[in-house]
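Comments concern the structure below.
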Amino acid sequence: MIGLIVLLLAGTWLLLAGTVAKRVAKFLFPERFAVRARVLLFPLILCLPFLDEIIGRWQFHTLCEREAKVWIAPNAKEVTAAREGDSKTHARVGFLIPVTEQPIVFMDALTGKTFYATKAFHTPGGAIMRAGLNLGSTSSCWPKNWTARENGIDIDTLLKRGEALEKEDSKT
């Protein structure tokens with residue numbers, strides 16, 4: 001059913017884009033250039049609803065290449081207990097499509113210093129995608145080898161030790 005609706009909307013947009021291209025070409029150009037102008041305007045008008053998606057995805061890809069990284073402190077192997085740092089997601093501004101940043105931070109439970117951090121990014125896409133074409137899903141980018149285990153750090157064990165330290169501190 002969704003496929004039929006998408007086909008109906010796509011067909012309607014094709015007809016509408018052709019009509020708009022014809023009228024704009026007639027209005028702006030002399031009659032002898034109107035057909036050429038219509039042929040050139042049609043693909044431009046056809047792409048307009050997806051322009052934010054095209055530009056936004058390019059921005060999203062550039063952001064991922066630039067900022068989706070893993071940072072590991074030089075002394076990470078010396079950490080004996082860990083706790084989670086501030087890992088709240090927040091919206092990024094300055095992009096054509098909505099982008100959410102998801103930092104993941106782990107801190108040394110004894111010193112309070114960050115020893116492992118990474119960033120991931122998520123987007124639902126442009127206006128057409130958010131209107132339902134993406135069926136409510138999002139696109140995400142994560143850095144390569146982003147899990148601590150892939151980088152030789154057993155975060156689960158370190159977090160359990162950190163929780164044990166906190167329980168000991170709360171008892172005293």
Can you report the number of residues in segment 102-128 which are open to solvent by 10 Å² or more (accessible area, probe 1.4 Å) and either among the aliphatic types (A, V, I, L, M) or touching a His at 6+ places or on another chain (Cβ under 6 Å) (or both)? 8
Could you tell me how many of the residues in segment 31-75 are closer than 23 Å to residue 139 by Cα, assigned to a helix (DSSP H, G or I), of a type in the set (D, E, K, R) and open to solvent by 50 Å² or more (accessible area, probe 1.4 Å)? 3
Does segment 76-94 hold any residues that are among the basic types (Lys, Arg), farther than 11 Å from residue 121 by Cβ and either in contact with a Gly (Cβ under 9 Å, 6 or more places away or on another chain) or assigned to a strand (DSSP E or B) (or both), and which are they? 77, 83
Filter segment 131-149 down to the residues that are modelled with pLDDT of 75 or more and not in a loop (DSSP other than H, G, I, E, B), then identify the one that is farthest from residue 97 (Cα to Cα). 141
When residues of segment 76-130 are limited to those that are over 20 Å from residue 143 (Cα atoms) and of a type in the set (Asp, Glu), the one nearest to the chain's Cα centre (by Cα): 108
Need the failing condition index for residue 97 against (1) in contact with a helix residue (DSSP H, G or I) (Cβ under 8 Å, 6 or more places away or on another chain); (2) free of Cβ contacts under 8 Å to residues at least 60 places away in the same chain; (3) in a loop (DSSP other than H, G, I, E, B); (4) open to solvent by 40 Å² or more (accessible area, probe 1.4 Å), just the number. (4)
Only one of (1) more than 30 Å from residue 3 (Cα to Cα); (2) open to solvent by 50 Å² or more (accessible area, probe 1.4 Å) is not met by residue 140, so which one is it? (1)
Which members of segment 64-104 meet the condition of being closer than 16 Å to residue 153 by Cβ and of a type in the set (Phe, Trp, Tyr)? 71
Tell me which residues, restricted to segment 1-18, are in a helix (DSSP H, G or I), loosely packed, with under 12 Cβ neighbours inside 10 Å and free of Cβ contacts under 8 Å to residues at least 60 places away in the same chain. 3, 4, 5, 7, 8, 10, 11, 12, 15
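The values are calculated or read from the model by the stated rules, or taken from the named source; none is laboratory data. Not measured: the values here are computed from a predicted model. Quick reminder, even Gly has a Cβ in these numbers, built from the backbone with ideal geometry, and neighbours come from all protein chains shown. To get the accessible areas, we keep the full protein, side chains included, count just its heavy atoms, and leave off ligands, DNA and RNA. Shrake-Rupley method; radii C 1.70, N 1.55, O 1.52, S 1.80 Å.
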